[in-house]
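Here is the structure we will look at.
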Protein chains: 2
Amino acid sequence: MGGKVDLEPILEELDAASALEGLEQANTRLRDTLGIDHIVYHWVDSAGDQYGCTTYPQSWVDRYLAENYHRIDPVILGCFQRFHPVDWKRLDWSGKAAKAFLKDAMEHGVGNQGFSIPIRGPNGQFALFTVNNSCDDETWADFTATYSRDLILIAHYFNRKALEFEANRQPEFSRTLSPREVDAMTLLALGYSRAQVAHSLSISEHTLRVYIESARFKLGALNTTHAIATAMSRGLIVV
Amino acid sequence: MGGKVDLEPILEELDAASALEGLEQANTRLRDTLGIDHIVYHWVDSAGDQYGCTTYPQSWVDRYLAENYHRIDPVILGCFQRFHPVDWKRLDWSGKAAKAFLKDAMEHGVGNQGFSIPIRGPNGQFALFTVNNSCDDETWADFTATYSRDLILIAHYFNRKALEFEANRQPEFSRTLSPREVDAMTLLALGYSRAQVAHSLSISEHTLRVYIESARFKLGALNTTHAIATAMSRGLIVV
DNA sequence: TTTCCACTCCCCAAAAATGGCGAGGAAGGC
DNA sequence: GCCTTCCTCGCCATTTTTGGGGAGTGGAAA
């Protein structure tokens, strides 16, 4: 990891990729070019689907999924609240579960140093692009300082492609809510009762119900709470 | 707009900014450096607040806000569904309202060419970074091809700073939920009724109520829906 | 050791939400 | 001109949620 390597060819390779396999090749090539242990692009959908493009050993991936580690992984939890790319050292590893998780990860070949970039797309899509390595703090600080900008761009391109392929697989996935429906759902999410919302919007409570039901239907939700949660995770309403 | 200009100093200026004024200075400087008409960073807040850092004439900004143009602006509507940076030519300007909007914009000094980059942060934050100019299609295509990567990075830095300043204004209120409470809230957000959730968790419905009420109390929520929305926007539960 | 907090269980009555029925006007796109 | 979507309104019965009580266990922290 001496001087800075030109990553331009990798960006172009990513840009030209026409299938998920292309991303995986680019991923491996990038790892080798940077001379680090692992790179993982991890994608979580609002529907709960996951797509991972990783150089981690399969045993770790399996274990991660089996243990539902995404619920305690400080990288996920921390990045979900931030916009900044973040060094793993700055995350909160104080909890008991977090420590056990870290130990387990190390034993499965995950390096001690990590740098993760959160990325968000439409409809509540959330992805993480992570570089991982085994080395001392100083070496790692040099590495991240040198490449952080390139990594942001690469993460962006990665996600762009992943979304592109996903859009091909699931066309017409998102139906938007009408302005009135958005108003209704937003006020409900803020804790107002139906009577209060109807009053706020200056409409009858029954009209309000029509909006709520219509939104529920569009979102494929089972009840109002579900509709709110769905609308929020798809980014249709903001609270 | 001949050869490519080095934008490194602008990135550093952005990185070093410690207040919103810094962003505005960087904005103007970037516009002059690139030799284009306008640059606008536009941020839509959770509460519906808007922050704009723009070189557009004030008359246009006022008109945009007064007319609630964000509801029909094809740039906003188009970018809200995409991840890609997008050239304005590729957006849908077919609607009647859209055409009137475009005409109005031109009359207020907005250029005919535009390139917008959508950016998303935590809690449904959404921002747009746009460069705008008056020129022919070919010139503009050259410009965007040359600078698209730099613009993505600049947009990213812009948003990072804007979020940073916003975070300072609203410090964290973090109170965690107990594991059982998280389970309960998560299942409720997935649309299950209390009876179903209680069954899923193998506890009585009354016990479940205790969790829900406890979570409501901790989150300062007025009802269950509000609690779910609050927990989601604070990242305490993931759906 | 005492004092928290998380977890578990129960009853009753009031308030809120949902399901199902139906109806009409206005605006914009093909 | 037709068709779709959006916005608006009403009533009744049923189901679900909520608010008010109270009670006992175990573990972890102070």
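Among the residues making up the range A:187-205, a single one is away from DNA strand C (no atom under 13 Å from the Cβ) and open to solvent by less than 30 Å² (accessible area, probe 1.4 Å): A:LEU201. Of all residues in the range B:68-97, those being without any contact (Cβ under 8 Å) to a residue 12 or more places away in the chain, over 16 Å from B:ALA127 (Cα atoms) and not in a helix (DSSP H, G or I) number 2. If only residues of the range B:170-186 that are of a type in the set (Ser, Thr, Tyr) and open to solvent by less than 50 Å² (accessible area, probe 1.4 Å) are counted, the one that is modelled with the highest pLDDT is B:THR186.
What number of residues within the range A:63-117 satisfy the criterion of being of a type in the set (D, E, K, R) and under 22 Å from B:SER178 (Cα atoms)? Break it down stepwise before answering.
Narrowing the range A:63-117 to residues of a type in the set (D, E, K, R): A:63, A:67, A:71, A:73, A:82, A:87, A:89-90, A:92, A:96, A:99, A:103-104, A:107.
Narrowing further to those that are under 22 Å from B:SER178 (Cα atoms): A:67, A:71, A:73, A:92, A:96, A:99.
Result for the range A:63-117: 6.
What number of residues within the range A:103-124 are open to solvent by 10 Å² or more (accessible area, probe 1.4 Å) and within 14 Å of chain B (Cβ to nearest Cβ)? Here the count works out to 5. The set of residues from the range A:192-209 being near DNA strand D (Cβ under 10 Å from one of its atoms), touching a Lys or Arg at 6+ places or on another chain (Cβ under 9 Å) and assigned to a helix (DSSP H, G or I) comprises A:ALA198, A:LEU201, A:GLU205, A:THR207, A:LEU208, A:ARG209.
Being buried (at least 18 other Cβ atoms within 10 Å of the Cβ) and more than 14 Å from DNA strand C (Cβ to nearest atom) is a condition met by no residue of the range B:206-227. Taking the criterion of being closer than 19 Å to A:MET232 by Cα, near DNA strand D (Cβ under 8 Å from one of its atoms) and of a type outside the set (A, V, I, L, M, F, W, C), the residues of the range B:210-226 that qualify are B:ARG216, B:ASN223, B:THR224, B:THR225.
A single member of A:ALA100, A:ALA141, A:ALA155, A:ALA162 is open to solvent by 50 Å² or more (accessible area, probe 1.4 Å), within 25 Å of B:ARG160 (Cβ to Cβ) and not in a loop (DSSP other than H, G, I, E, B), and it is A:ALA141.
What are the residues in the range B:13-36 that are among the hydroxyl-bearing types (Ser, Thr, Tyr) and closer than 17 Å to B:TYR56 by Cα, if any?
We begin by selecting, within the range B:13-36, every residue among the hydroxyl-bearing types (Ser, Thr, Tyr); these are B:18, B:28, B:33.
Within the range B:13-36, B:THR28, B:THR33 meet the criteria.
B:ALA167 fulfils the conditions (1) in contact with a Ser or Thr (Cβ under 7 Å, 6 or more places away or on another chain); (2) without any contact (Cβ under 8 Å) to a residue 40 or more places away in the chain; (3) within 14 Å of chain A (Cβ to nearest Cβ) except for a single criterion, (1). The one condition from (1) open to solvent by 50 Å² or more (accessible area, probe 1.4 Å); (2) of a type outside the set (Phe, Trp, Tyr); (3) in contact with a Lys or Arg (Cβ under 6 Å, 6 or more places away or on another chain) that A:ILE39 does not meet is (1). From the list B:TYR41, B:TYR51, B:TYR56, the lone residue that is outside any helix (DSSP H, G or I), out of contact with any helix residue (DSSP H, G or I) (no Cβ under 6 Å at 6 or more places or on another chain) and modelled with pLDDT of 85 or more is B:TYR56. If you check A:ASP15, A:ASP87, A:ASP32 for being in the same structural domain as A:LEU153 (by TED's automatic domain parsing), closer than 25 Å to B:HIS156 by Cα, over 14 Å from the mean Cα position of the chain (by Cα) and open to solvent by 60 Å² or more (accessible area, probe 1.4 Å), only one passes: A:ASP15. In the range B:188-199, the residues that are at positive phi form Cβ pairs under 8 Å with partners that are within 11 Å of DNA strand C (Cβ to nearest atom), at six or more places apart or across chains, as follows: B:GLY191/A:ALA221; B:GLY191/A:LEU222; B:GLY191/A:ASN223; B:GLY191/A:THR225; B:GLY191/A:HIS226.
The values are calculated or read from the model by the stated rules, or taken from the named source; none is laboratory data. Please read these numbers as outputs of a predicted model, since none were measured by experiment. Glycine also receives a Cβ, built like all others from the backbone with ideal geometry; neighbour counts cover every protein chain displayed. Accessible surface areas use protein heavy atoms only, side chains included; no ligands, DNA or RNA. Shrake-Rupley method; radii C 1.70, N 1.55, O 1.52, S 1.80 Å.
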